[in-house]
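We did not get these values from a lab; they are worked out from the coordinates using the rules stated. Only a predicted model underlies this, so the values are computations on that prediction, with no experimental measurement involved. Cβ atoms come from the backbone with ideal geometry, glycine included; neighbour counts cover every protein chain shown.
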Amino acid sequence: MKPTADPATVRGLPESTLGPEDQLAMPTSVPPAPWECRTRAVLWVQRATRPRFDWLGASTGLATAGFVEYLDSPVGRYHEVLAGSVVRTGLIPRVQVPFIAVDSLPSVAAGRINWALPKTMASFETDLAAADARAVGDGWSVTVQPLRPGQRSRLRLPIRLWFSATGPLGTYRTGLRATGRLVRVRTAVDGETLTGWLGSGTRWAMVLTGRLRIQPPSGN
């Protein structure tokens with residue numbers, strides 16, 4: 001796939017704004033899609049209001065959010081927090097991702113160039129096996145904690161998840177093959193737009209460990 005997105009002009013929520021110093025420090029060459037990654041994650045789906053930006057697609061009133069630790073990837077190990085608006089449900093849901101942050105500038109560049117994802121930088125403290133994580137960026141934070149700290153179920157179920165993401169480069173499919181377990185968590189969200197969009201509360205989440213494949217965009 002030939003990357004076509006201009007990394008400086010990818011649109012996202014205000015919390016996804018990339019600072020000028022990080023823009024200058026980004027690599028200009030990135031590993032192309034598809035990506036195969038080994039991951040650990042805490043993901044949840046929740047009711048959400050629609051951020052009021054004209055460029056966002058129609059929302060179903062659902063959002064998907066979570067933390068991901070990339071144990072290996074084409075740009076090495078890093079952490080990620082993201083939230084996507086579900087714009088279509090069904091066998092393979094389709095989402096739009098207006099907020100995503102990582103602790104790796106090579107990942108920021110790859111996300112913006114390969115998939116037009118509005119990646120920005122953040123700092124992380126995570127123990128995703130325990131569904132415990134916090135990300136802090138410029139004027140925002142996202143936290144997830146288990147309602148019963150220290151509890152780790154031994155029951156792990158095989159999980160296969162697929163979804164299509166849509167953006168200015170077109171749509172692309174992401175597939176996850178993993179083992180996972182359900183856990184009740186408390187989320188806390190703070191930020192100019194994130195607070196009103198996602199809010200804070202208790203959710204059912206999946207703790208997952210497996211392999212993730214991210215395809216290149218197919219075009220509009």
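For segment 35-214, the relative contact order works out to 24 percent when only alpha carbon pairs closer than 8 Å and six or more residues apart are counted. Would you mind checking the tilt of helix 105-115 against the longest principal axis of the Cα atoms of the chain, expressed as 0 to 90 degrees and rounded to 10? It works out to around 70 degrees.
In terms of its alpha-carbon gyration tensor, segment 35-214 comes out rounded; the largest-to-smallest axis ratio a/c stays below the 1.5 threshold. Applying 0.36 nm per residue to the separation of E125 and F53 and subtracting their alpha-carbon distance, the gain on full extension is 22.9 nm. DSSP finds beta bridges in the chain, and of those with both partners inside it, around 95 percent are antiparallel. Converting phi to 3J(HN,Hα) with the Karplus coefficients 6.51, -1.76 and 1.60 and the offset θ = phi - 60°, segment 54-60 yields 4, 7, 7, x, 4, 9, 8 Hz in sequence order, with x at every glycine or proline. Note on the chain: helix-only mean residue ellipticity at 222 nm, from DSSP H runs of 4+ residues weighted -39500 (n - 2.57) and normalised by residue number, equals -2500 deg cm²/dmol.
Taking the number of Cβ atoms within 10 Å of each Cβ as an exposure proxy, the fewest-first ranking of I113, I214 is I214, I113.
With the simple spin-label model, which puts each label point 7 Å out from Cα in the Cβ direction, the T28 to E192 separation comes to 2.9 nm.
Among T166, T120, the ranking by other beta carbons within 10 Å of each residue's beta carbon, starting with the fewest, stands as T166, T120.
Relative to the current alpha-carbon distance between R213 and D138, full extension at 0.36 nm per residue lengthens the span by 24.1 nm. Counting other Cβ atoms within 10 Å as a rough exposure proxy, the listed residues F124, F53, F99, F67 run F53, F124, F67, F99 from fewest neighbours to most. Among the trypsin sites (Lys or Arg not before Pro) in segment 49-89, those located in a DSSP loop and surrounded by at most 10 other Cβ atoms within 10 Å of their own Cβ are R52.
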